[in-house]
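Single-structure report; data block below.
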Amino acid sequence: MFGLKQALLVAQAALALAVAACAHAAPAVEAEALQQARRVADWQLNHMDRFDYVSTFQDHTEDPTDWIQATFWAGLGDFADATGDARYADAVIAHGQANGWSYGDRPRHADDDAIGHVWVWAAAHAEGEERARRLAPTRARFDPVAAAPSDVPLIFGEERGERACQVRWCWSDAIFMAPPVWAAVSQVTGDPTYWRHADRELQAAVAQLYDADDHLFYRDSRFIGRPGESGKKVFWSRGNGWSYAGLAKILDALPADDPSRPRYVELFRQMSARIAGLQGAEGYWPVSLLDAGGPPETSGTAFFVYGLAWGVNHGVLDRATYGPTVRKGWDALERAIQPDGRLGWVQQVGYAPDRVVATDTQLYGVGALLMAASEVSQREDW
């Protein structure tokens, strides 16, 4: 289904990398985090032609505008900014050009909004008519939704397949997929309409899914009030990673004087304190956050390292308090990078804590690691 588009993407990205490689080589001295993340970024870019190394949802992985690839390309955009390496920026822009800055066919589904992270990043790196051209499909997608918001209850239900509530942000992953994109569109265009809609919907999601006692998000309504096998509440690591990283990206896009900002800063700080206290002895976070132990897991860990480092770098969190957690988490992520640059220990596509093994990898895990490296590299005094 996606073969022709994917082939064009791979060809264009490879050309961009090859042409720019000599002129934009890595600097002689570069932060260790960036050096390690380069290995991961390059491995992933060299393995975009087939996805037999992922064990589930290969069809979704192949889709160049679905949320799985969207998270990787969003991380690569952050990494291009952190390294100043035009070959990564060129690869991201080639991806957008190959896909016409387009979206999937679900106009109100957050997973299909996620590629907007990449398109808005590309628009912000252009000027004039080219910026408008890159933004046009995003605005055409978002305008009708903002004009006619849904009011369906945020109840996930037990049926299989897509849920009726997914026309809104009724699951924790959605907090990364959609509202940061809406906030960024307001930032780039200067039009507050997009953020006003996102703020309304995000407040509803927080009211539904955030546990005010544990300062963590349930993945969706099915988990509220239902203990896991250990008898404890089930707070999925990556589900909270999506939410936490999403909050960081929202705050990154909000003006300092936005009236909603203090509310999200407080939420981010509450989560930060709780997350830092749940880090495992080896630096990873457990797949079920209240159940210590278990195997390493890198996607949730990378999102937490990204958010904590972002908070310190932007003066939202105290370095002395959170710096050691960042350092310990990044060291753990480095240990999960295999000799060839492949990132391991990434829990596969799912909606709850599940098994993970050393050879498991996925593009969203790579994207999260690139985001983390981009923030960790900004200082040495962790």
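The values are calculated or read from the model by the stated rules, or taken from the named source; none is laboratory data. Worth saying up front: this structure is predicted, and the values here are computed from it rather than measured. Glycine also receives a Cβ, built like all others from the backbone with ideal geometry; neighbour counts cover every protein chain displayed. We work out accessible area using only protein heavy atoms, side chains counted, and drop any ligands, DNA or RNA first. Shrake-Rupley method; radii C 1.70, N 1.55, O 1.52, S 1.80 Å.
Summary of values
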item	result
For segment 275-289, 3J(HN,Hα) per residue [Karplus equation, 6.51 cos²θ - 1.76 cosθ + 1.60, θ = phi - 60°, Hz, x = Gly/Pro]	4, 4, x, 9, 5, x, 4, 8, x, 8, 9, x, 5, 10, 4
Largest-first principal axis extents, alpha carbons of segment 22-150, Å	52, 42, 23
Ratio Rg/Rh, restricted to the chain and using Cα atoms, in which Rh is the Kirkwood radius	0.93
Dipole moment magnitude, nearest 20 debye, the chain about Cα centre, only Lys, Arg, Asp, Glu C-beta charged	360
Sum of -39500 (n - 2.57) over DSSP H runs of 4+, divided by residues of the chain (222 nm, nearest 500)	-18000 deg cm²/dmol
Rounded Å value of the spacing that divides the Cα centres of segment 48-93 and segment 261-311	23
For segment 59-65, Karplus couplings with θ = phi - 60° (6.51, -1.76, 1.60), whole Hz, Gly/Pro x	5, 5, 5, 6, 6, x, 10
Percent of Cα-Cα distances greater than 12 Å, calculated over segment 130-185	72
Whole-angstrom Cα spans of segment 203-336 along principal axes, big to small	44, 34, 20
Residues with amide H under 5 Å from that of residue 216, placed H, sequence gap 5 or more	211
Residue-span extension gain [residue 355 to residue 252] - 0.36 nm each, minus C-alpha spacing	33.8 nm
Percent carbon-and-sulfur accessible area, the chain, ignoring ligands, DNA and RNA, probe 1.4 Å	53
Trypsin sites (Lys or Arg not before Pro) restricted to segment 231-289 and DSSP loop, no more than 14 other C-beta within 10 Å	232
Coil-residue GluC sites (Glu not before Pro) of segment 285-382, DSSP, other Cβ within 10 Å capped at 13	380
Virtual spin-label span in nm between residue 378 and residue 191, 7 Å along Cα→Cβ	2.9
Fluctuation leader among 57, 217, 268 - the chain, Gaussian network, Cα springs under 10 angstrom	57
The chain - accessible surface per residue (Å², probe 1.4 Å)	39
Karplus-derived HN-Hα couplings along segment 309-318 (A = 6.51, B = -1.76, C = 1.60, θ = phi - 60°), whole Hz, x at Gly and Pro	5, 4, x, 5, 4, 9, x, 8, 10, 7
